[in-house]
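Asker: Below is the structure I would like to discuss, written out as structure tokens.
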Amino acid sequence: MEARQARTWVLLVYKVPREPTSNRAYVWRKLKRLGALLVHDAVWVLPATPWTQEQLQWLAVEILELGGDAHVWVSHELLMGQEEALIQQFQQRVDTVYQEILDALRQEDADLIALSRKYQQVKMQDYFQSARGELVRTQLLTARGGRDV
């Protein structure tokens, strides 16, 4: 049996001055929008793709411009079991949102435009192609009469 190739991860470690607090909130919101996971104090992780690496590098530059300190690292190794745990955390987060969409689709007065928008937002964070995400896409297409989401 062939061993599975280890994934590559990109990490951002940063510190932003306490004041003004809006700077800290700005960084936090950007990380949340990317779907990054907080693994320790100010250490955030994403699966490494050219896009996620570029996003974290740009964010690191922004943090430096805010008077903070930031470092971006790429990791090729995690301790046994840590990688699977990280993948499960990423999948659990998107599956929770996908389930919310599925539940809302069962409502008679479902707002298909809002649900499609919510689907597009969570799809950007679905780094491991959740099966539930494909189910949501199919049900949204059906609900919209076959028009793409």
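The values are calculated or read from the model by the stated rules, or taken from the named source; none is laboratory data. All values reported here derive from a predicted model rather than from experimental measurement. Every residue, glycine as well, gets a Cβ built from its backbone with ideal geometry; the counts of neighbours run over all protein chains shown.
Asker: Does any residue of segment 81-100 turn out to be in a loop (DSSP other than H, G, I, E, B), among the acidic types (Asp, Glu), within 23 Å of LEU37 (Cβ to Cβ) and in contact (Cβ under 8 Å) with a residue 40 or more places away in the chain?
Answerer: No, segment 81-100 has no match at all.
Asker: Looking for whichever is of a type outside the set (S, T, N, Q) and surrounded by 14 or more Cβ atoms within 10 Å (Cβ to Cβ) here; the options are VAL97, VAL74. Which one fits?
Answerer: Step by step, each of VAL97, VAL74 is checked, and only VAL97 is of a type outside the set (S, T, N, Q) and surrounded by 14 or more Cβ atoms within 10 Å (Cβ to Cβ).
Asker: Could you pull out the residue among ASP109, ASP103 that is assigned to a loop (DSSP other than H, G, I, E, B) and out of contact with any strand residue (DSSP E or B) (no Cβ under 9 Å at 6 or more places or on another chain)?
Answerer: Answer to the selection: ASP109.
Asker: Report every pair of residues separated by at least 6 positions or lying on different chains whose Cβ atoms are under 9 Å apart, first residue within segment 126-142 and farther than 13 Å from ILE101 by Cβ and assigned by TED's automatic domain parsing to the domain that holds GLU100, second surrounded by 12 or more Cβ atoms within 10 Å (Cβ to Cβ) and of a type in the set (Val, Ile, Thr).
Answerer: So the pair list comes out as TYR127/THR49; TYR127/THR52; TYR127/ILE87; TYR127/VAL94; PHE128/ILE87; PHE128/VAL94.
Asker: Those residues that are at pLDDT 95 or above, surrounded by fewer than 18 Cβ atoms within 10 Å (Cβ to Cβ) and aliphatic (A, V, I, L, M), I need them from segment 1-33; list them, please.
Answerer: Of everything in segment 1-33, those that are at pLDDT 95 or above, surrounded by fewer than 18 Cβ atoms within 10 Å (Cβ to Cβ) and aliphatic (A, V, I, L, M) turn out to be VAL13, ALA25.
Asker: I'm trying to understand the selection: among the residues of segment 34-71, which are buried (at least 19 other Cβ atoms within 10 Å of the Cβ), over 18 Å from GLN89 (Cα atoms) and not small (Gly, Ala, Ser)?
Answerer: Those that are buried (at least 19 other Cβ atoms within 10 Å of the Cβ), over 18 Å from GLN89 (Cα atoms) and not small (Gly, Ala, Ser): GLN55, LEU56, LEU59, ILE63.
Asker: I want to confirm something. Restricting to segment 31-63 and keeping residues that are part of a helix (DSSP H, G or I) and touching a Phe, Trp or Tyr at 6+ places or on another chain (Cβ under 9 Å), which single residue is nearest to THR8 (Cα to Cα)?
Answerer: THR52
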